[in-house]
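Quick note: the coordinates plus some simple rules give every number you see, no bench work behind them. Predicted model, so just to flag it, every value in this text is computed and none were measured. Using ideal geometry, Cβ is built from the backbone for each residue, glycine included, and neighbour counts are taken over all protein chains shown.
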Amino acid sequence: MTALPPNAETARKAPDGGPAESGACLDIVGLSKRFGGVYAVRDVTLRCGAGEILGLIGPNGAGKSTLINLITGTLRPDTGKVTMDGRVMNGMSVPECARAGIGRTFQNIRLFANLDVRQNVEVAHTTASRHREGGPELHEIDDLLARMGLLSLADRQATTLPYGLQRRLEIARALALAPSYLLLDEPAAGMNDAESEQLVDLIQKIREDFGCGVIVIEHDLRFIRRVCERVAVLHMGEILTIGSPEAVLNDPRVIEVYIGAASEDEAA
Ligand SMILES: Nc1ncnc2c1ncn2[C@@H]1O[C@H](COP(=O)(O)OP(=O)(O)OP(=O)(O)O)[C@@H](O)[C@H]1O
């Protein structure tokens with residue numbers, strides 16, 4: 001697996017610091033999804049550039065997972081459009097989105113419990129290579145495991161790994177699809193400080209080694225500040241603001257949203 005340079009187009013910036021419209025990107029335009037008349041995601045427009053690390057934050061119930069599910073084909077949007085490097089993704093099933101180049105991990109780890117570490121990655125690799133060119137060769141699976149610090153554990157049953165390593169394996173499995181964009185749903189959840197420290201380095205290394213854009217959903221704002229180049233804030237299904245971590249995390253509206261959510265939790 002050779003390092004892919006981030007697309008040169010990403011050097012051209014939109015006003016919010018994100019990729020220019022003409023560059024290679026995962027482009028989400030006017031996406032909405034209602035459940036029983038209530039908007040979980042409402043008119044969301046967001047762009048993640050090739051090779052960009054974009055944070056997606058917001059209090060519980062803001063719509064983050066729903067947005068990821070809409071991008072990956074798990075849910076169908078009511079309105080709006082998703083394109084990946086110019087290719088329309090709407091209407092694609094989950095496997096079609098994965099094969100097209102969108103990899104993901106889940107809020108609740110979903111490894112193949114009866115398979116060992118290497119087999120978990122092989123399954124994803126087989127799926128990718130059967131349907132498109134550019135996926136890693138089988139011999140490269142061990143290289144992928146080595147890059148993820150999992151090679152010495154390759155024969156261990158996946159679910160016997162410590163929690164932090166299971167999260168790492170989920171990321172390795174997503175990378176075996178050779179994704180152009182990687183969507184990580186709360187990758188640091190349940191990790192101790194040392195593990196989440198290592199995860200920051202790992203995500204940056206993934207971007208360098210694989211050249212993929214990364215969208216990171218995370219409640220840990222310290223983690224977001226350290227790993228992301230831009231941050232988008234979702235609140236009640238809508239984008240509240242997008243910008244640099246510094247600007248966004250010091251934005252009084254964002255602080256208000258988080259303080260409001262914390263007081264509601266305390267009152268409950
Ligand atoms: N399948 C569903 N059916 C009905 N309502 C749903 C469904 N999925 C999500 N919702 C609602 O949509 C809203 C957004 O939920 P979502 O899980 O996307 O938020 P989130 O930002 O990911 O929250 P969290 O940080 O707690 O994971 C919530 O009000 C939730 O109850």
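May I ask you to compute the full-extension gain from GLN157 to ASP116, defined as 0.36 nm times their residue separation minus their alpha-carbon distance, rounded to one decimal in nm?
Computed gain between GLN157 and ASP116 is 14.4 nm.
Taking the Cβ of LYS33 as the centre, find all other residues whose Cβ is under 15 Å away and add up their charges (Lys, Arg: +1; Asp, Glu: -1). Don't skip to the end; give the middle numbers.
Working: positive: ARG34, ARG42, LYS64, ARG76, LYS81; negative: ASP43, ASP78, GLU238.
Net charge around LYS33: +2.
Length gain on complete extension for the stretch SER93 to ASN60, per 0.36 nm per residue less the alpha carbon to alpha carbon distance?
9.2 nm
In a Debye calculation with equal point scatterers on the alpha-carbon sites of region 190-264 and no solvent, what is log10 I(q)/I(0) at q = 0.15, 0.17 Å⁻¹?
Listed by q, the Debye log ratios stand at -0.58, -0.73.
Under the √(5λ) rule applied to the eigenvalues of the Cα gyration tensor, what semi-axes describe the equivalent ellipsoid of region 64-103? Give them in Å, descending.
Gyration-tensor ellipsoid for region 64-103: 14, 12, 9 Å.
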